[in-house]
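> Sending over a structure as structure tokens; questions will come in a sec.
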Amino acid sequence: MIKKLFLYTLLPLVLVFCVSFCIGYYYLQQFSKQHMNVTADNQMFVLAKGTSLHQLVEQVKENDLMQQAYLLPYLYKLDPSLGSIKAGTYQLHPYMTVEEFLKLLVSGKDSKFFVQFVEGKRAKDWFKVLSNTPYIQQTLTDKSHDEIAKLLGIEGELEGWFSPDTYQYTADSSDFNILKRAHLTMKANLQKVWDNRASDLPYKSPYELLIIASIIEKETSVSSERANVASVFVNRLKSNMKLQTDPTIIYGLGDNYTGKIRRIDLTDKNNPYNTYVIEGLPPTPISMPSLASLEAAAHPADTNYLFFVANGSGGHTFSSTYEGHQQAVREYRRLTRGN
């Protein structure tokens with residue numbers, strides 16, 4: 001009699017439990033397939049190191065990413081593997097489900113970001129890019145250029161010592177680490193180019209080659225002209241002629257440059273970058289040169305060119321004599337007179 005009473009009492013409880021479990025399981029399954037409130041392809045979710053399950057729920061609620069976020073702990077109980085979330089910065093996408101979101105956090109696959117350093121720009125331009133690039137840890141904002149150079153092991157100025165390229169990074173990357181990669185790349189490229197340079201070049205060191213490459217970078221954006229531009233500077237150095245290149249003056253003027261070189265700027269002896277006055281090379285590079293400009297400086301074309309001037313169509317006219325150069329200048333002025 002007692003057994004029958006026990007069975008009659010237990011069976012309904014078991015049945016209620018089974019039904020409740022099935023309903024709960026079904027409800028959680030539906031929740032896991034629910035789409036999150038993500039409206040943009042580039043929406044990011046940053047999970048800090050040491051974030052607890054409770055903190056994750058609160059963070060999801062604050063960002064209004066899903067309805068019924070309080071059910072997340074129950075999903076973890078249903079599938080314990082979903083509880084091994086990893087810190088990182090994750091890119092969400094529209095129509096992502098709750099389950100996909102949790103699996104992304106478990107995967108630890110940080111989103112990849114990219115920062116582009118353009119050839120021909122200056123160090124100060126690159127620092128501005130870094131400071132305005134999202135998800136980079138800013139560690140150099142209170143450092144001077146001299147302090148940064150010392151941290152990177154660069155003797156002297158920073159200018160010229162970073163390789164232009166597009167660099168991939170994750171959200172745990174610092175501005176210093178990105179710069180270090182750019183510097184090590186430039187250092188390796190410069191050494192390789194120096195070791196394989198043409199003979200009889202008027203450079204005393206890899207640094208002098210770097211300076212010439214930085215000027216080439218500023219003088220032309222036409223790839224086929226780089227070697228000819230390099231030949232002009234090499235021929236001038238060999239002939240003990242002044243380089244007389246405008247980009248160096250502009251660099252030396254800094255913020256005082258207003259968009260036009262004045263006659264007084266050409267004779268300014270206080271500008272150490274005024275190659276219309278100084279002999280030989282300016283004291284430092286004037287830009288971040290590309291590998292193509294390094295190669296051009298190391299392998300200039302075999303020419304007698306001593307002059308070049310813009311031709312009005314994006315390129316330059318090269319001349320071996322001053323008379324030929326003057327004619328090219330007159331032609332350029334004729335073509336641009338209407339402008």
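The values are calculated or read from the model by the stated rules, or taken from the named source; none is laboratory data. Predicted model, so just to flag it, every value in this text is computed and none were measured. Virtual Cβ from ideal backbone geometry, glycine too; neighbours counted across all protein chains shown. To get the accessible areas, we keep the full protein, side chains included, count just its heavy atoms, and leave off ligands, DNA and RNA. Shrake-Rupley method; radii C 1.70, N 1.55, O 1.52, S 1.80 Å.
> In terms of Cα to Cα distance under 16 Å, which aspartates and glutamates are near enough to Lys103, apart from those fewer than 8 places away along the same chain?
Output for Lys103: Asp79.
> Separate question: Using 18 Å as the Cα-Cα cut-off, could you pick out the over-long pairs in Lys86/Lys112; Lys150/Lys192; Lys180/Lys204?
Values: Lys86/Lys112 16 Å; Lys150/Lys192 23 Å; Lys180/Lys204 26 Å.
Violating the 18 Å Cα-Cα cut-off are Lys150/Lys192; Lys180/Lys204.
> Still on this structure: Probe radius 1.4 Å, ligands and nucleic acids ignored: give me the carbon and sulfur share of the accessible area of the chain as a rounded percent.
On the way: 10310 of 19560 Å².
Of all accessible area on the chain, carbon and sulfur atoms account for 53 percent.
> Take peptides 249-260, 318-329, 214-225, 288-299 and line them up by average Cβ neighbours within 10 Å, highest first, as a rough protection proxy. List each step's numbers first, then the result.
On the way: 249-260: 13.5, 318-329: 15.2, 214-225: 20.1, 288-299: 24.4.
Highest to lowest by the protection proxy: 288-299, 214-225, 318-329, 249-260.
> How many angstrom lie between the Cα centre of segment 93-138 and the Cα centre of segment 214-242?
Segment 93-138 and segment 214-242 have Cα centres spaced 37 Å from each other.
> Please report the accessible area of Trp194 (heavy atoms, 1.4 Å probe, ligands and nucleic acids excluded) in Å², nearest 10.
Answer for Trp194: close to 30 Å² accessible.
> Can you spot the aspartates and glutamates whose alpha carbon is less than 17 Å from Lys238's alpha carbon? Ignore those fewer than 8 places along the same chain.
Result set, ordered by chain and number: Asp200, Glu208, Glu279, Asp302.
> To continue, here is another question. What is the pair-distance distribution P(r) of segment 198-338, computed from all Cα-Cα distances in 5 Å bins starting at 0, with each bin given as a whole percent?
Spelled out bin by bin, segment 198-338 gives 2, 11, 19, 23, 23, 16, 7, 1, 0, 0 percent.
> Which one, Thr267, Ile216, Phe308, projects farthest toward the positive side of the charge dipole computed for segment 198-338 from Cβ point charges (K/R +1, D/E -1)?
The residue sitting farthest along the positive end of the dipole is Thr267.
> Excluding same-chain residues fewer than 8 positions from Lys109, which aspartates and glutamates have a Cα within less than 14 Å of its Cα?
Glu100, Asp172
> Next question, about the same structure. Please calculate how many Å² of accessible area the chain carries per residue, with a 1.4 Å probe and no DNA, RNA or ligand atoms counted.
Values: 19560 Å² over 339 residues.
Here the per-residue accessible area is 58 Å².
> So which residue, out of Lys124, Lys192, Lys61, gets the largest mean-square fluctuation from a GNM of the chain using Cα contacts under 10 Å as springs?
Lys61
> Additional query: List the residues whose amide H sits under 5 Å from the amide H of His316, counting only those 5 or more places along or on another chain, with H placed 1.01 Å from N in the peptide plane.
Asn311
> Which distance in Å, rounded to a whole number, links the C-alpha centroids of segment 307-339 and segment 153-180?
Between the Cα centres of segment 307-339 and segment 153-180 lies a distance of 38 Å.
> Highest mean first, what order results for 159-172, 101-114 on Cβ atoms within 10 Å?
Working: 159-172: 18.7, 101-114: 16.4.
Descending mean neighbour count gives 159-172, 101-114.
> Let me know the shape class of the chain, please: from the alpha-carbon gyration tensor, a ≥ b ≥ c as square roots of the eigenvalues, rounded when a/c is under 1.5, otherwise prolate if a/b is greater than b/c, or oblate.
Details: a/c = 3.90, a/b = 3.42, b/c = 1.14.
Prolate shape, in that a/c is at least 1.5 and a/b is the bigger ratio.
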